[in-house]
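A short write-up of the structure that comes next.
Any read-out appearing in this document is the output of simple, stated calculations on the displayed coordinates, not a laboratory observation. Computed from a predicted structure; not experimentally measured. Heads up, the Cβs are rebuilt from the backbone with ideal geometry, glycines too, and the neighbour counts pull from every protein chain shown.
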Amino acid sequence: MQLKDKIIAITGAAGGLGRAMAVRLSRCGAMPVLLDMNEDGLEQVRQECEQAGAKARTYIVDITQEDQVVKTFKQLIEDCGGLHGVVNNAGVTADGLLVKAKDGQVEKTLSLEDWDKVSQIDMRGVFLCAREAAARMIEQDEGEAPQMRGVIVNISSISRAGNVGQTNYSAAKSGVAAMTVTWANELARHGIRVAAIAPGFCQTAMVEKMPDKAREKLEASIPLKRLGEPDEIAHAVQFAFENDYFNGRVLEVDGGLRL
Ligand code: CAA
């Protein structure tokens, strides 16, 4: 898919990797549609997209709420005149060891609340947005060949391999990788490609909030000996849109961390 003039919704677009994706897709000539709950962040990224040459629209939406997702996709398609792609990028962490044991005392350190929070945003939110995007893409008839209808790019994570302290996040991001394969199989017949990017550890607020010791240890174990730049992940997202034979796969962009 050539990105010029394509309408691409990005969840979690108010900062971090989503911001980098919005700016890069703007430079490629796309029209980014920025979805997030952070109104100020959205406005800031909208302005950056404008500076990069794109007229971006912003929508405040809680992606865990079905009614809000349905309403937002309906509205954005009405406002923009269509939808060609979506990046399911929104995600949060709430790290914690499963249990801790000291001096015969066992503590359940990962709360059910943190399990639910991460799985709701990182997995249920992806499901709701992808389902809505796919339904709307199939519905819209632009008179194009079916293979031209749209592309869904899911953001998984290298943590899906099972990162210590990330039971909830690893499970959700594995779920995202699995849904990518299922949807690639199901949606190809409708002219929709689905692919995923699994970022490694990047220079974002999410990684910044890791304990210093854990982050330093991790950085030392990356063969390239540095964190990724958000734009390096955005570059992979661009690839996922532009390469029409990339389907159902999870592309790892992690500096070689999991080699
Ligand atoms: N491997 C093995 N053991 C570990 C460990 C590890 N990676 N990390 C901690 N432990 C052990 C510690 O050695 C310690 O053992 P002792 O008591 O015997 O010394 C024990 O677990 C408790 O460690 P802490 O005191 O650090 O426990 P805590 O409850 O304060 O914190 C933690 C635990 C939440 C896991 C914390 O260490 C942490 O946040 N680690 C980083 C988790 C992480 O990698 N997050 C990634 C965020 S970025 C992201 O997710 C983006 C992406 O997509 C890639």
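Dipole check for the stretch 85-142: with +1 at the C-beta of Lys and Arg, -1 at the C-beta of Asp and Glu, and the Cα centre as origin, the magnitude is about 260 Debye. Taking 21 Å as the straight-line reach from the Cα of Lys108, the lysines in range (excluding those fewer than 8 positions away in the same chain) are Lys100, Lys117. For Lys225, the lysines whose Cα falls under 29 Å of its own Cα, not counting residues fewer than eight places away in the same chain, are Lys173, Lys209, Lys213, Lys217. Just checking the listed ones, Pro32, Pro223, Pro211: in the Gaussian network model of the chain with Cα springs under 10 Å, the one fluctuating most is Pro211.
Look at where the Cα atoms of the stretch 1-29 and of the stretch 186-259 average out, and the two centres are 16 Å apart. Within straight-line reach of Lys6, meaning a Cα separation under 20 Å, sit the following lysines at least 8 residues removed in sequence or on another chain: Lys55, Lys74. Taking Cα atoms only, the orientation of helix 39-51 departs from the longest principal axis of the chain by about 60 degrees. Helix 16-27 and the long axis of the chain differ in direction by around 30°, with both axes built from C-alpha atoms. Using just its DSSP H runs of length 4 or more, each adding -39500 (n - 2.57), the chain gives a mean residue ellipticity at 222 nm of -13500 deg cm²/dmol after division by all residues.
Any number yet on Rg/Rh for the chain, C-alpha, Kirkwood?
On the way: Rg = 18.2 Å, Rh = 18.6 Å.
Result: Rg/Rh = 0.98.
Above 18 Å, the calculated P(r) of the stretch 1-148 contains 59 percent of its Cα-Cα pairs.
For the stretch 115-253, the orientation-averaged shadow of the C-alpha convex hull comes to 8.8 nm² (one quarter of the hull surface).
Helix 230-242 versus the longest principal axis of the chain: what angle, 0 to 90°, nearest 10, using Cα atoms? The two axes meet at around 40 degrees.
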